[in-house]
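The values are calculated or read from the model by the stated rules, or taken from the named source; none is laboratory data. Here the structure is a predicted model, which is why all the values come from computation and not from measurement. All Cβ positions, even for glycine, are placed from backbone atoms using ideal geometry, and neighbour counts span all protein chains on display. The accessibility values were calculated without ligands, DNA or RNA, using every heavy atom of the protein model including side chains. Shrake-Rupley method; radii C 1.70, N 1.55, O 1.52, S 1.80 Å.
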Protein chains: 2
Amino acid sequence: MSTPSPHHKPVTLHDVAKVAGVSLITASRALSNPGVVSDKTIAKVREAVEATGYIPNLLAGGLKSKRSRMVAAIVPALSVSQFLPTVQTLTSALAAGGYQVIVGQTNYDAEREEAVLNTMISRQPDGIVMTGLVQSQKARERLVRSGIPVVETWDLSDRPVDMVIGFSHLKVGGAVGGYFLSRGWKKVGVATGSDHRAMLRREGFLATLGRSDVPTAVVPAPSSLALGRRALAELLDQEPGLEAVCCSSDTLAHGVLVEAQARGLRVPEDLAVVGFGNAEFGAHMVPSITTVHVDGPGIGSLAAQLILARCNGETVEQPIVDLGFRLIERRSTSVDAA
Amino acid sequence: MSTPSPHHKPVTLHDVAKVAGVSLITASRALSNPGVVSDKTIAKVREAVEATGYIPNLLAGGLKSKRSRMVAAIVPALSVSQFLPTVQTLTSALAAGGYQVIVGQTNYDAEREEAVLNTMISRQPDGIVMTGLVQSQKARERLVRSGIPVVETWDLSDRPVDMVIGFSHLKVGGAVGGYFLSRGWKKVGVATGSDHRAMLRREGFLATLGRSDVPTAVVPAPSSLALGRRALAELLDQEPGLEAVCCSSDTLAHGVLVEAQARGLRVPEDLAVVGFGNAEFGAHMVPSITTVHVDGPGIGSLAAQLILARCNGETVEQPIVDLGFRLIERRSTSVDAA
DNA sequence: CTGTTAGCGCCTTCAC
DNA sequence: GTGAAGGCGCTAACAG
């Protein structure tokens, strides 16, 4: 049985100061700004901290200093593996600077996004990192008014709320389309998640192909292997002679691969497959998956850098950063690939 | 160029109260405890909130009320996909109750764990959810003293810091060992991550087999497809006639499957493979992966429930919850499986 | 149902 | 280098 514990009256800085025989404020400075305190005093305070088991209360500190040392990270869902490297790197980079990450999940829903952002703002974060652009106009205004540094990521915009680090999904789609053209595939299909960015990539893909009649299987985001299998099944229903599939994620591509294998289709000989995201598994599968590489960790660490800079009152000269992308050709589209 | 924005002097509850023509505390109650305020007043306050664009400051509220409405979630690394469903469910369940999650990453390191826990405590979270048991003894003591509700998960212990929700890794290993015995495999191997819980499962596996000479490939956590491939290569070096492999995760099992395929070994005819965790992809691959199912989302939602209960001053009657596990037989070990 | 009073624990501002 | 006030924005506790 586990009961609410009796309050050990919590140790405050006041107690530490008393034990150390200095004033409250001196104790405070010894801990957070040691440069202006004598070494002897610092030692005394440190001892008192040990003796009392003092742990600072960042809520109180944040209230006065207006720096909560928290950064909000907003993702569609934590399980969208696409964003994990970004969030992981962001979390690590910020932790190294004494900042923690609060996570919010929008479920790809603009209304939830707005609600989540409001809750986040009420925690006074020193920065907000979004995966994707802010959808709701109301939320944009609120964010601007709040004065909190905001980094939108995994996309690009001429007019970000504040800063943006990403790449053009239209161009990604275009690059894949160009690759399809260069390979001369005619009977092609698209397997895509229903989220906005995946749809943008599809748009770029179609524009480059110069076609609008391409068989498409749209599956609900987030994607999964099972959905990838289903998508290929749908595409083959629409176009039995399918030569190549463009997928909105490596996970979907994996599912397409499995479904192809289950139907006795050889990849790439009978069916070529392209993914997106350069997930770890894609490089090591047989066949390895041709994909579009995006620097997820780079986005996370750069976002941390920009936020930290702004927290220190610095001006960010390049608030719009295009990290680009890179098509990686592997065996799922070419028997000759590395 | 993005510069630190000019401070729009932030709107406080004081401003709202003035606009609404009520006292500060009435405004406060209208928002956070509407039951005790007249409907007319509530309406006035709501209007004033709209008009001013007020967003509450939870730091200040938390300071006074001693409820930060934050819960810390500590994981080895965000990218360990094993824990994602737990963290995702936890986050959603808590968000529904007005709580946010702060994440900390330990990198499977006891020292970092201690540091992370200290930082977390200093944020006054209303609860702490650990994946795994708390390693450091110092951290345990601090946690107990802090009085914060703590849920350790994904493991079991007679003497948790506070509460624990999970299952026995020894028993999981034992169950897999029993399955191996029942199938009569003699030339077996273990592919395992280097983390503590994976090692416990291996121990249980060996104990049930009654052997200590089983070829083992230990790969650094967190696991990946590439590491799974490497592990099988190592095992085949040690035991060319390998009949079956016990893997510490479905990801490793996937890698083993790929490596087997690359070497022309048929699964399960030439080599049987068992994973752990029941990842989404395992059920849908060809062959599907025999695995041990653990209720990750259940752990997350139950953890949220217990913490919320304790936040409301309730007593948790069952602070030690064994959620058990279930071996799921699929095609990677049996051509007859579903 | 509403208001007054008194802080929460710490840090900024100013003196010494 | 140190200290004494004052207040960050909000909410318990008690009055009316």
In whole angstrom, note down how far apart the Cα centers of region A:190-225 and region B:121-190 are. 42 Å
With every protein chain left in place, what is the accessible area of A:H14 in Å² (1.4 Å probe, nearest 10)? 100 Å²
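Any idea of the accessible area per residue across the protein assembly as shown, 1.4 Å probe, to the nearest Å²?
42 Å²
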Residues with amide H under 5 Å of B:A272's amide H, sequence separation 5 or more or different chain, H placed in the peptide plane at 1.01 Å from N; which? B:A244, B:V245
Output the 0 to 90 degree angle, nearest 10, between the alpha-carbon long axis of helix B:225-238 and the longest principal axis computed from the alpha carbons of chain B. 30 degrees
Ranked from the most accessible area to the least, with a 1.4 Å probe and all protein chains present, what is the order of A:D158, A:D126, B:D39? A:D158, B:D39, A:D126
Would you calculate the separation in nanometres between label points at B:E47 and A:K138, each defined as 7 Å from the Cα along the Cα-to-beta-carbon direction? 1.9 nm
Hey, how many Å between the Cα centroid of region A:226-271 and the Cα centroid of region B:27-106? 43 Å
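Under the classification rounded if a/c is under 1.5, otherwise prolate if a/b is larger than b/c and oblate if not, where does region A:255-338 fall, given a ≥ b ≥ c as square roots of the Cα gyration tensor eigenvalues?
prolate
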Cα pairs beyond 29 Å in chain A, in percent, come to 50 percent
Two-site label geometry, B:N118 and B:Q305: point separation in nm, points 7 Å out along Cα→Cβ: 3.6 nm
Tell me the relative contact order for chain B as a rounded percent, counting alpha carbon contacts under 8 Å between residues six or more apart. 14 percent
Antiparallel %, DSSP beta bridges [both residues in the protein assembly as shown], to 5: 15 percent
Taking 45 Å as R0, compute the FRET efficiency from the Cβ-Cβ separation of B:A96 and A:H293 and round it to 0.05. 0.75
Peptide-level mean, for A:90-100, of C-beta atoms on other protein chains within 10 Å: 3
Report the one residue of A:G228, A:S32, A:V71 whose Cα lies farthest in the direction of the positive end of the charge dipole of chain A (charges on C-beta: Lys and Arg +1, Asp and Glu -1; origin at the Cα centre). A:S32
Taking chain B, the lysine pairs whose C-alpha atoms sit under 27 Å apart (8 or more places apart or on different chains) add up to 12
Let me cross-check A:K171: its accessible surface, 1.4 Å probe, with only protein heavy atoms counted, in Å² to the nearest 10? 130 Å²
Please compute, for peptide B:56-64, the average count of beta-carbon atoms on other protein chains lying within 10 Å of each residue's beta-carbon. 6
Give me a comma-separated list of calculated 3J(HN,Hα) values for region A:148-162, in order, Karplus coefficients 6.51, -1.76, 1.60 applied at θ = phi - 60°, integers in Hz, x for any Gly or Pro. 6, x, 10, 10, 8, 9, 6, 6, 9, 7, 6, 10, x, 4, 8
Viscosity 1.306 mPa s, temperature 10 °C: what is the translational diffusion coefficient of the protein assembly as shown from Stokes-Einstein with a Kirkwood Rh over Cα pairs, rounded to a whole number of µm²/s? 59 µm²/s
Stretch gain in nm, segment B:V218-B:S182, where the contour uses 0.36 nm per residue and the Cα spacing is subtracted: 10.5 nm
Solvent-accessible area of A:E317, probe 1.4 Å, all protein chains present, reported in Å² to the nearest ten, please. 120 Å²
Antiparallel as a % of all DSSP beta bridges within chain A, to the nearest 5? 10 percent
Alpha-carbon spread of region A:189-272, three principal axes, descending order, Å: 32, 27, 19
Measure nothing but the geometry: give the 0 to 90° angle between the long axis through the Cα atoms of A:84-96 and the longest principal axis through the Cα atoms of chain A, rounded to 10°. 20 degrees
Measuring from the longest principal axis of the C-alpha atoms of chain B, the long axis of helix B:196-209 (C-alpha) lies at a number of degrees, nearest 10, equal to 30 degrees
Partner shielding of B:280-288, taken as the mean number of other chain Cβ atoms within 10 Å, equals 5
